[in-house]
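Below is one structure; the comments refer to it alone.
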Amino acid sequence: MKILTALFTTVALVTSAGLAQARDLGPDEALKLRDAGTIQSFEKLNAAAIAKHPGATVEDTELEHEHGRYVYQVELRDAQNQQWDLELDATSGQVLQDHRDD
């Protein structure tokens with residue numbers, strides 16, 4: 001019984017730690033961060049994403065705070081109707097991930 005309790009406790013801790021590592025930010029908080037200069041403007045971040053896929057259009061965006069940094073997630077649709085998911089460092093504009101959504 002002690003082993004089962006210890007196992008359950010460990011799983012609960014690992015699961016809750018994973019959830020705490022990424023937090024979605026609402027529009028009000030995102031605007032405050034942009035206005036404070038903590039993150040780049042959304043126009044610059046969208047332009048950096050589109051530069052990776054010229055001619056694409058932005059379909060959705062999201063700002064998260066994960067692993068101690070702000071990450072801007074962008075979904076693009078290119079001229080060939082392919083969807084791309086990109087993650088950018090919202091402070092520097094650096095592209096962290098760029099992959100086609102299957």
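Quick notes on this one:
- Net charge of Cβ neighbours under 13 Å - reference Val95; Lys, Arg +1; Asp, Glu -1: -2
- Taking amide H as placed 1.01 Å from N in the peptide plane, Ala90 has its amide H under 5 Å from the amide H of Tyr70, Val71, Tyr72, each at least 5 places away in sequence or on another chain.
- The mean sequence separation of alpha-carbon pairs under 8 Å and at least six residues apart, normalised by the residue count of region 23-101, gives a relative contact order of 26 percent.
- Cα-centre dipole for region 23-101 with unit charges at Cβ (Lys and Arg positive, Asp and Glu negative), debye to 20: 300
- Cβ-based net charge around Ile50, under 13 Å, with every Lys or Arg adding one and every Asp or Glu removing one: -2
- Heavy-atom accessible area per residue - region 23-101, 1.4 Å, Å²: 58
- Counting 0.36 nm for each residue step from Asn81 to Gln21 and taking away their Cα separation leaves a gain of 18.3 nm.
- Stokes-Einstein diffusion coefficient of region 23-101, Kirkwood radius over Cα pairs, 20 °C, 1.002 mPa s, in µm²/s: 171
The values are calculated or read from the model by the stated rules, or taken from the named source; none is laboratory data. Quantities reported herein were computed from a predicted structural model and do not represent experimental measurements. Don't worry about glycine lacking a Cβ; one is built from the backbone with ideal geometry, like all the others, and counts go over all protein chains shown. Please note that ligands, DNA and RNA were not included when accessible areas were found on the heavy atoms of the full protein model with its side chains. Shrake-Rupley method; radii C 1.70, N 1.55, O 1.52, S 1.80 Å.
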